[in-house]
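Novice: Just dropping this structure here.
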Ligand code: MG
């Protein structure tokens, strides 16, 4: 077998869906036509990741054996001394996924095959339904049910808490205002309504988006117990981890956590103490497919299932990496799905995206991840480094808070 050496490492920036800056790493090799692609998407600070890839990863990786995936990951993670932050983890992830892609292509095998084959043929996914009122929400839930989806995350207006009756001081500071008390009162009514309209057959999820104080999150968990959620997502912020045992004991509501995690110390206690039911890290935020596989295996020992983060700010290569993980992980739980593969601009830029049939995601049998990028088309949709407005979140009195 010829030696496969890295000859170039670069970042491809594209935003076919405005507002979601996608970063794809491309690693070229000394073998003609053999290259790998990976997802390094940190939408909100994408230029910082591009620099980490094109300055630091490039000089570290050129000349290395591209098929030594594990060693390359260890070198990338250990060589900066300071580690486990979102910028470097995303840069590492893009390269890690690209190395898996190269290994798969060099062996003419899809990555799910390299990882021991499928334990299921397709991956159940959940979709996000929100509405400004019950009628609009019902319409969107029904539309998903009609398309064959069985798992639906229900929210009021994005993540809720938007009300006309904000008690704010004069000359409010610019930002997106959120009323936690209005949100708390509304969510139990939302689920009472959805259960009464759609019955027990549909699986319901909800995302708190870490927007409540811990004691308010405890109150909400108790209120939601009668509606038998599939899971409640991000009920606490990562900074309030010591509240998990209290939340766990408050009610029999399955708990999901992790999309903001970067450091293993954030998830280890939640898993080994069985305080959560689903781990839902953003794969590129934890360093890529290599650490995600290790995390899934760790979770299996504690009966914690996977629910990897799958929003619009993950590239189709990242979504496909989620699907390959899901297909090969016995303790898989559910996959978040944003449906970006249906957008014609995304189809123009990315070829071979995971397909949805019957409410489930399917991988293709192409070597590697099976997803390609058209760089000419990608260049038609430039990224935008300006600050997203929804992340400038404020309480009614004007205080800046986590979004
Ligand atoms: Mg979430």
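Novice: Give me a count of the residues in the stretch 384-401 that are in contact (Cβ under 8 Å) with a residue 24 or more places away in the chain and under 20 Å from residue 169 (Cα atoms).
Specialist: Qualifying residue count for the region: 9.
Novice: Could you name every one of the helices (runs of 4 or more DSSP H) located completely within the stretch 2-79 that has at least 3 residues being touching a helix residue (DSSP H, G or I) at 6+ places or on another chain (Cβ under 8 Å)?
Specialist: Answer list for the stretch 2-79: 69-78.
Novice: Taking the stretch 148-191, which residues are over 19 Å from residue 221 (Cβ atoms), modelled with pLDDT under 95, in contact with a helix residue (DSSP H, G or I) (Cβ under 6 Å, 6 or more places away or on another chain) and not in a loop (DSSP other than H, G, I, E, B)?
Specialist: Correct list: 176 only.
Novice: Restricting attention to the stretch 383-390, does a residue exist that is more than 18 Å from the chain's Cα centre (by Cα) and buried (at least 24 other Cβ atoms within 10 Å of the Cβ)?
Specialist: No, the stretch 383-390 contains no residue that is more than 18 Å from the chain's Cα centre (by Cα) and buried (at least 24 other Cβ atoms within 10 Å of the Cβ).
Novice: Which condition breaks for residue 121 when tested against (1) under 28 Å from residue 371 (Cα atoms); (2) under 22 Å from the mean Cα position of the chain (by Cα); (3) assigned to a helix (DSSP H, G or I)?
Specialist: (3)
Novice: Limited to the stretch 278-297, what total is found for residues that are in contact (Cβ under 8 Å) with a residue 12 or more places away in the chain and out of contact with any strand residue (DSSP E or B) (no Cβ under 9 Å at 6 or more places or on another chain)?
Specialist: 7
Novice: Something else about it: Quick one: count up the residues across the stretch 314-352 that are within 16 Å of the ligand (Cβ to nearest atom) and surrounded by 24 or more Cβ atoms within 10 Å (Cβ to Cβ).
Specialist: Number of matching residues: 8.
Novice: What number goes with the only condition from (1) surrounded by fewer than 19 Cβ atoms within 10 Å (Cβ to Cβ); (2) at pLDDT below 95; (3) assigned to a loop (DSSP other than H, G, I, E, B) that residue 396 does not pass?
Specialist: It fails just one condition, (1).
Novice: Moving on to the next point. On the given criteria, is residue 130 touching a residue at least 24 places away in the same chain (Cβ under 8 Å) and away from the ligand (no atom under 16 Å from the Cβ)?
Specialist: no
Novice: Condition (residue is crowded, with 23+ Cβ neighbours inside 10 Å and more than 21 Å from residue 87 (Cβ to Cβ)) applied to the stretch 286-298: is it met by at least one residue?
Specialist: For the stretch 286-298, residues crowded, with 23+ Cβ neighbours inside 10 Å and more than 21 Å from residue 87 (Cβ to Cβ): absent.
Novice: Determine whether residue 379 is closer than 27 Å to residue 289 by Cα, outside the structural domain of residue 142 (by TED's automatic domain parsing) and at pLDDT 90 or above.
Specialist: So residue 379 fits the description; yes.
Novice: Given the options 21, 84, name the one that is crowded, with 24+ Cβ neighbours inside 10 Å and under 19 Å from the mean Cα position of the chain (by Cα).
Specialist: Unique residue meeting the criteria: 21.
The values are calculated or read from the model by the stated rules, or taken from the named source; none is laboratory data. Keep in mind the model is a prediction, meaning the values are calculated, not measured. Ideal geometry is used to build each Cβ from the backbone, glycine not excepted, and the neighbour counts take in all protein chains shown.
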